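S.K.: Quick one: structure below, then a few questions.
The values are calculated or read from the model by the stated rules, or taken from the named source; none is laboratory data. What you see is a predicted model, and the numbers here were worked out from it, not measured in a lab. Quick reminder, even Gly has a Cβ in these numbers, built from the backbone with ideal geometry, and neighbours come from all protein chains shown. The area values use the complete protein model at the heavy-atom level, side chains included, leaving out ligands, DNA and RNA. Shrake-Rupley method; radii C 1.70, N 1.55, O 1.52, S 1.80 Å.
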Amino acid sequence: MNNVSQLVEVHHVVHPPAARAILDHGSIRAGIVHDESRMNQTRHAVIWLSANQWQHGSLYGTVQFTFPWLQLIAGKHFYWVEAIRYQNPAYRILITDKDLGSLKFLTPYDPSVDRGPLRERNGNWYWNSRDTSEFMVDGDLDLSHCIEFKGVQHKRNGCRLYGPGCSERNNSAFVTGGRMLAYLLASGNHALDPALRIQTEGLSRSLSPSVDQGVSGIWFDLVTADAARFDGEVRQRERSVPIVRGALALLGAGRPYEARELVAQLNDETVFRAALTAIVNDHFGIDDWRLIS
């Protein structure tokens, strides 16, 4: 098999409104297949995962949830569904804990012996990275299994869901990651706390790089993106923290201009940074996280 890559983790990419719904539910909810797939003959609800990371951006959105492959497939059956002739060809494999042998359009697939695009050899997993991998997982996927959450770049010249009218196509991954973290912090949603606590070996940071990157995105969005004016009188912590938390709620809802107007009530950037630091520490129940200077 050419273009072989080791398979360690897979991803689910969506637009921010869908990401906020996933966060509120605490899981990625499976849905009925509606496209040209053979699976549209059934009422099986699936979620879509892929091992691909696109150099020129994703067609599917700007928010990425990442899951560990081995945990995802433990005790599951595999079925070959189909190959789809997109511009970049895709292969589809169903992953389920059910015996679906009665569905004649599905072919049982054994990665340890079959010579297809997904293979297992001596406990190691590999995938054909030349084409698009589409793993259809039968059932909901709880966010407690998520190991990374971040913004990713959208494909500039295409969107599978919204077409050329997609408002996310020109947003940077940096900004999107900040707005999604803002949503978590403002709403007090702790569904992804375990993932956001995963530290990178060799870095003396209290939380994951996704948090540092997200906070940097928040800072950029609220302080530098539109030349924020800190011309207010608020300096006290008891007043600045609620103001910044309200600004995060607006930012997380995709209303950055209103968020910037709110933080303008603060006296200066130092007050903003102190309030944001307090909010992050309070969310995770720690006291040693600091913004990277």
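S.K.: Between residue 224 and residue 287, what FRET efficiency follows from the Cβ-Cβ distance if R0 is 22 Å, with the result rounded to 0.05?
M.R.: 0.20
S.K.: Please say if the range 154-288 is rounded, prolate or oblate, where rounded means a/c under 1.5 for a ≥ b ≥ c the square roots of the C-alpha gyration tensor eigenvalues, and otherwise the choice is prolate for a/b larger than b/c and oblate otherwise?
M.R.: Taking the square roots of the gyration eigenvalues as a ≥ b ≥ c, the range 154-288 is oblate.
S.K.: I need the GluC sites (Glu not before Pro) found in the range 223-293, filtered to DSSP loop residues with at most 13 other beta carbons within 10 Å of theirs.
M.R.: 233
S.K.: Just check the range 20-99 against the gyration tensor rule for me: Cα atoms, a ≥ b ≥ c as the square roots of the eigenvalues, rounded for a/c under 1.5, and otherwise prolate or oblate depending on whether a/b exceeds b/c.
M.R.: rounded
S.K.: Moving on. Roughly how many percent of the accessible protein surface of the range 211-293 is carbon and sulfur, given a 1.4 Å probe and a whole-percent answer?
M.R.: 48 percent
S.K.: Just for the Cα atoms in the range 105-184, what are the lengths along the principal axes, largest first, rounded to whole Å?
M.R.: Principal axes ranked by extent give 44, 31, 23 Å for the Cα atoms.
S.K.: Let me ask another. Could you pull out every Cys in the chain that lacks a partner Cys with its beta carbon under 4.7 Å away?
M.R.: Result for the chain is 146, no neighbouring Cys Cβ within the cutoff.
S.K.: Next question, about the same structure. I'd like to compare 177-186, 208-217, 21-30: which one has the highest average count of other Cβ atoms within 10 Å, and what's the full order after that?
M.R.: With the highest mean Cβ count within 10 Å placed first, the list reads 177-186, 208-217, 21-30.
S.K.: Turning to a different aspect of this structure: How far is the Cα center of the range 149-166 from the Cα center of the range 270-285, in Å?
M.R.: 31 Å
S.K.: Give me the Kirkwood hydrodynamic radius of the chain in Å, from all C-alpha pairs, to one decimal place?
M.R.: Hydrodynamic radius (Kirkwood, Cα pairs) of the chain is 20.7 Å.
S.K.: Express in nm, to one decimal, how much length is gained between residue 113 and residue 204 on full extension, taking 0.36 nm for each residue of separation and deducting their alpha carbon distance.
M.R.: Length gained between residue 113 and residue 204: 28.4 nm.
S.K.: Going highest first, how would you order 157-163, 276-282 by mean Cβ packing within 10 Å?
M.R.: Highest-to-lowest ranking by the protection proxy: 276-282, 157-163.
S.K.: Among 102, 223, 162, which residue has its Cα positioned farthest towards the positive end of the charge dipole of the range 75-225, with +1 placed on the Cβ of Lys and Arg, -1 on the Cβ of Asp and Glu, and the dipole taken about the Cα centre?
M.R.: Value computed over the given set: 162.
S.K.: Taking only protein heavy atoms and a 1.4 Å probe, what accessible area per residue, in Å², does the range 1-129 have with all protein chains in place?
M.R.: Ligands and nucleic acids excluded, the result is 51 Å² per residue.
S.K.: Another question about this same structure. Once label points are set 7 Å from the Cα along Cα→Cβ at both residue 130 and residue 261, what is their separation, rounded to one decimal in nm?
M.R.: 5.5 nm
S.K.: In debye, nearest 20: dipole of the chain around its Cα centre with unit charges on the Cβ of K, R (+) and D, E (-)?
M.R.: 600 debye
S.K.: State the extension gain, in nm to one decimal, for the chain segment bounded by residue 43 and residue 104, taking 0.36 nm per residue of separation less the distance between their alpha-carbons.
M.R.: 20.5 nm
S.K.: Could you let me know the centre-to-centre spacing of the range 44-66 and the range 106-121, using Cα atoms, in angstrom?
M.R.: Cα centroid of the range 44-66 versus Cα centroid of the range 106-121: 22 Å apart.
S.K.: Another question, if that's okay. Over the chain, calculate the relative contact order: mean separation of alpha carbon pairs under 8 Å at least 6 apart, over the residue count, as a percent.
M.R.: Rounded, it is 18 percent for the chain.
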